Amino acid sequence: MAQSYFIWKGIDCRDMGVKLSGPVPIIRPEERVQHVEIPGRSGDLTELEGTQVYNSYIQTATIMVQGGYRVREIYNWLKGSGYVTFHGEPDRKQAARIVGAITLNKHSRNLDWWVGEVQFYCQPLKQKLTEDTVTVTSSGTAVINAGDVESRPKITAKANASSMTITIGGKSLTITGLTSGSEYIIDSEIMEVSNAARTALITKDSVGSFPMLAPGSNTITGSGWSKLVIDRRERFL
């Protein structure tokens, strides 16, 4: 069996002299729901906070360090926020923060080893280690979202008119006051439209819904643009 490991802030635990005592489980996040009891009615009603909204969760890794001579260096590494990759899903990473105290105690059967737990407070959606982009040059092009949930893409659009419209899944975003030949960034994650250098916001000149990519195939239509470079930001459970 391959050795279990994790990568934190781009550093493999094995390069720090840290081993895992066993595999870290692969967790599917809990959907965020509320159960409401209705007087005089058996059972309850389930209310969803939103479509595909999930809770963050704690992922616990039991670590082992030999000798204890690098403990301070390890403590300084295992803190703060960053991205973590666990061995069970080597092609994924997720945003996390290390929470709680880390206490290393001598192993009960092998006193040359120190053992403790690290708690990662993980955001629920995972992403690819490296995300590629797709380029669209004509209306009616289909773009695939291979993720498990709806994604909020970042689109770099080259205008060929003073206004442009981008339509995905029947929802459109129209932006006015543009310069033909210039590029603009539509960031659906932060719901912001700006120039390519991101030095000037033009969100106020946009009307409609920011583009979203449903899992599977999405047909992109519109006008006023000659090229769209789409970072799909695919997300996985």
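Looking only at residues in the range 132-166 that are farther than 24 Å from residue 203 by Cα and assigned to a strand (DSSP E or B), the one that is nearest to the chain's Cα centre (by Cα) is 145. Of all residues assigned to the range 106-126, at least one qualifies as being modelled with pLDDT under 95, among the polar types (S, T, N, Q) and out of contact with any strand residue (DSSP E or B) (no Cβ under 7 Å at 6 or more places or on another chain). Residue 236 passes every criterion in (1) closer than 17 Å to residue 134 by Cα; (2) within 15 Å of the chain's Cα centre (by Cα) apart from (1). For the range 1-22, a residue qualifies if it is within 22 Å of residue 113 (Cβ to Cβ), modelled with pLDDT of 90 or more and assigned to a loop (DSSP other than H, G, I, E, B), and the qualifying residues are 4, 5, 17. Of all residues in the range 57-68, exactly one satisfies the criterion of being surrounded by fewer than 17 Cβ atoms within 10 Å (Cβ to Cβ), of a type outside the set (Ser, Thr, Tyr) and under 26 Å from the mean Cα position of the chain (by Cα), namely 58. Being on the phi < 0 side of the Ramachandran plot and either in the same structural domain as residue 152 (by TED's automatic domain parsing) or of a type in the set (Lys, Arg) (or both) is a property that does not hold for residue 9.
Scanning the range 205-237 for residues that are hydroxyl-bearing (Ser, Thr, Tyr) and either within 26 Å of residue 53 (Cβ to Cβ) or in a loop (DSSP other than H, G, I, E, B) (or both), we see that the one that is modelled with the lowest pLDDT is 206.
Residues that are exposed (fewer than 12 other Cβ atoms within 10 Å of the Cβ) and either touching a residue at least 12 places away in the same chain (Cβ under 8 Å) or among the basic types (Lys, Arg) (or both) within the range 11-25 comprise 22, 25, listed in sequence order.
When each of 146, 142, 101 is tested for being out of contact with any strand residue (DSSP E or B) (no Cβ under 8 Å at 6 or more places or on another chain), exposed (fewer than 15 other Cβ atoms within 10 Å of the Cβ) and touching a residue at least 60 places away in the same chain (Cβ under 8 Å), the lone residue that passes is 146.
The residue pairs whose first member lies in the range 50-69 and is among the aromatic types (Phe, Trp, Tyr), whose second member is part of a strand (DSSP E or B), and whose beta carbons are closer than 6 Å, counting only pairs six or more residues apart or on different chains, are 54/31; 57/122. With respect to the stated conditions, residue 71 is surrounded by 12 or more Cβ atoms within 10 Å (Cβ to Cβ) and modelled with pLDDT under 95. For the condition exposed (fewer than 14 other Cβ atoms within 10 Å of the Cβ), at pLDDT 95 or above, assigned to a loop (DSSP other than H, G, I, E, B) and not assigned by TED's automatic domain parsing to the domain that holds residue 94, residue 181 qualifies. From the list 26, 38, the one residue that fits, being more than 19 Å from the chain's Cα centre (by Cα), of a type in the set (A, V, I, L, M, F, W, C) and assigned to a loop (DSSP other than H, G, I, E, B), is 38.
The values are calculated or read from the model by the stated rules, or taken from the named source; none is laboratory data. Because the structure is predicted, anything quoted here is derived from the model rather than measured. Heads up, the Cβs are rebuilt from the backbone with ideal geometry, glycines too, and the neighbour counts pull from every protein chain shown.
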